[in-house]
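Worksheet: the structure to be examined is printed underneath.
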Amino acid sequence: MKKKYLMTPGPTPVPAEVLLTQAAPMIHHRTPDFSAVFMEAIEGLKYVFQTEKADALLFAASGTGAMESAIANCFCAGDTVIVCRNGKFGDRMKQISEVYGLNVIDLAYEWTQVVNPADIAAALKENPGARGVIVTQSETSSGVLNDVQAVGAIVREYPECVLIVDSITGIGAVECKTDEWGLDIVMTGSQKGLMLPPGLAALTVSEKAWRAYERSTLPKYYFDWMKYKKNIEKQTTPFTPAVSLILGLQVALKMIREEGLENTIARHSMLAEATRRGCEALGLKLFAPPEGRGSAVTPVWVPEGVDGKAIVKIMKDKYGVTIAGGQDDYAGRIFRVGHLGYFGEFDIITTLAALEMTLAGLGYQFERGAGIKAAEAVFMGE
Ligand SMILES: *Cc1c(COP(=O)(O)O)cnc(C)c1O
């Protein structure tokens, strides 16, 4: 037997309380029992999204379903949107926009760069008719945190332009004030900070986003937001919901409420800091720039002379610790340590210990124990 540890930024570990709830016998979804749980989950989602004004909608889908729904529900073919992309998920929003026939103003950056809000301001000045700005808050492929608060302040001045925020690994890990920052659509997915298995996607819809919906003519059926809103008013869902996942969601959201969202975010920032300091103490270089590092995942450059794919493979096969490799151009060049959702101090210590043993086995020179020591110092407040 080998004990296994899942240290990736999605799927993320699921607490036993949530797993046990999901293992309960099936209940029917058109019942008061289900409605009570469902409505509590919707209220809990509004809490983690930090919104009182927006609607929170929930779909049986992976996160990409929410992304696609945002495009289909807000726009007409030929609309101009400004897509900011500094990683794989920004690329995906561009692809979805193009599939739906939108005219994309492409704000492309390196994966190691942060989106510059001034570029969005300039693009909007040049294209005052743009109907949307799309930005990824926490880029899971690169660990970069984009300043969606600053973007919100810019887009707010354009009454016909909605701000779509992919916060799929932001929600529950970093600050994301939907109402206060003027974010029109904010998305998340169950297998990230919500501590659930994959299969649910959630998003918020502001009043401005509903105005975009009213005007939108792109085809939609399963993801037609109005169907979900009208059914929530009747405490139910338009189609058969992912019942077990929603039962689990209600429990997971209760755990976040009990911790208090501010504390949840502070815990993530401490875990991220410990991971960063631990890796740096091993002489490793962080991928994301200091001005934009998120708390969901820490991508790290593979040191010269070391086989990056071997790091991920040995950690998993020999030590039972699954981390993520790099994506696209960065496959084999970086590795990514997730600390999103159900994570505590000793998950980081475990991961760093496995990383040290793996690197030592691969012949990389460093001071053994330095990574763990640096992480411990963060946890001890030193
Ligand atoms: C995980 C993720 C998604 C959605 O991916 P799915 O595999 O469809 O759940 C989108 N954006 C970001 C930033 C993500 O981390």
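For the range 320-375, the set of residues classified as of a type in the set (Phe, Trp, Tyr) and part of a helix (DSSP H, G or I) consists of 330, 346, listed by residue number. Restricted to the range 190-209, and to residues there that are in a helix (DSSP H, G or I) and surrounded by 19 or more Cβ atoms within 10 Å (Cβ to Cβ), the residue that is farthest from the ligand (Cβ to nearest atom) is 208. Of the helices (runs of 4 or more DSSP H) lying entirely inside the range 64-166, those containing at least 2 residues that are within 11 Å of the ligand (Cβ to nearest atom) span 88-99.
Yes/no per residue for (1) in the same structural domain as residue 110 (by TED's automatic domain parsing); (2) closer than 26 Å to residue 326 by Cα; (3) in contact with a strand residue (DSSP E or B) (Cβ under 7 Å, 6 or more places away or on another chain):
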position: 122; (1), (2), (3): yes, no, no
position: 136; (1), (2), (3): yes, yes, yes
position: 152; (1), (2), (3): yes, no, yes
position: 171; (1), (2), (3): yes, yes, yes
position: 200; (1), (2), (3): yes, yes, yes
position: 205; (1), (2), (3): yes, no, yes
position: 216; (1), (2), (3): yes, no, no
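Selection of first residues in the range 264-292 that are modelled with pLDDT under 95 and of second residues that are buried (at least 19 other Cβ atoms within 10 Å of the Cβ), restricted to Cβ pairs under 8 Å at least 6 apart or on distinct chains, gives an empty result. The single residue among 209, 201 that is at pLDDT 95 or above, in contact with a Phe, Trp or Tyr (Cβ under 6 Å, 6 or more places away or on another chain) and over 28 Å from residue 301 (Cβ atoms) turns out to be 201.
Taking the conditions exactly as written (surrounded by fewer than 20 Cβ atoms within 10 Å (Cβ to Cβ) and in contact (Cβ under 8 Å) with a residue 24 or more places away in the chain), does residue 345 satisfy them or not? Taking the combined requirement at face value, the residue satisfies it. Is it true that residue 48 is at pLDDT 95 or above, assigned to a strand (DSSP E or B) and either within 12 Å of the ligand (Cβ to nearest atom) or buried (at least 19 other Cβ atoms within 10 Å of the Cβ) (or both)? So residue 48 fails the test.
Exactly one residue out of 86, 103, 116 is of a type outside the set (Phe, Trp, Tyr), over 19 Å from the mean Cα position of the chain (by Cα) and closer than 28 Å to residue 264 by Cα: that is 116.
Could you pull out the residue among 292, 332 that is of a type in the set (Gly, Ala, Ser), surrounded by 18 or more Cβ atoms within 10 Å (Cβ to Cβ) and under 25 Å from residue 90 (Cα atoms)? Checking each option against the conditions leaves just 292. Selection of the range 81-120 for residues being closer than 21 Å to residue 160 by Cβ and of a type in the set (Phe, Trp, Tyr) yields only 100. Give the residues of the range 323-382 that are over 16 Å from residue 299 (Cβ atoms) and hydroxyl-bearing (Ser, Thr, Tyr), sorted by residue number. If the condition is that a residue be over 16 Å from residue 299 (Cβ atoms) and hydroxyl-bearing (Ser, Thr, Tyr), then 342, 350, 358, 364 are the ones that fit.
The values are calculated or read from the model by the stated rules, or taken from the named source; none is laboratory data. The structure presented is a predicted model; accordingly, all values stated were derived computationally and were not measured. All Cβ positions, even for glycine, are placed from backbone atoms using ideal geometry, and neighbour counts span all protein chains on display.
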